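To start, the structure under review is shown below, and the notes come after it.
The values are calculated or read from the model by the stated rules, or taken from the named source; none is laboratory data. As the structure is a prediction and not an experimental result, all values here were calculated from the model. Glycine gets a Cβ as well: all are built from the backbone with ideal geometry, and neighbour counts include every protein chain shown.
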């Protein structure tokens, strides 16, 4: 089964999303900030990454910029999972290389898992 990395600083959401993916049989690892997220991408080698924007140390967009500069991880798909609902934020994330932009409050956790599964099959 696929490996998923969740980069989220909210402990409750991190645990909830992790459980949802684990129940479906995915191997899940996590990080709570952008710096640790990049390090985990290099060591864990996930098939896909879910990344929040508003995080300490390095926010999700800054982390995305660094990911795209790294030859060993730049091709790992990153889905931005955030509560920032501005069209500008979404366009910025997609222009920087995110494959999808999901607003947490508009999706149930199950719908988020479904969206990730669709991106894994592309």
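Summary of values
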| quantity | calculated |
| --- | --- |
| Residue list for the range 77-96, filter: closer than 18 Å to residue 55 by Cβ, in contact with a strand residue (DSSP E or B) (Cβ under 7 Å, 6 or more places away or on another chain) and at pLDDT 90 or above | 78, 79, 80, 81, 93 |
| Among the residues listed as 48, 73, 103, 53, the single one being farther than 17 Å from residue 18 by Cβ and at pLDDT 95 or above | 73 |
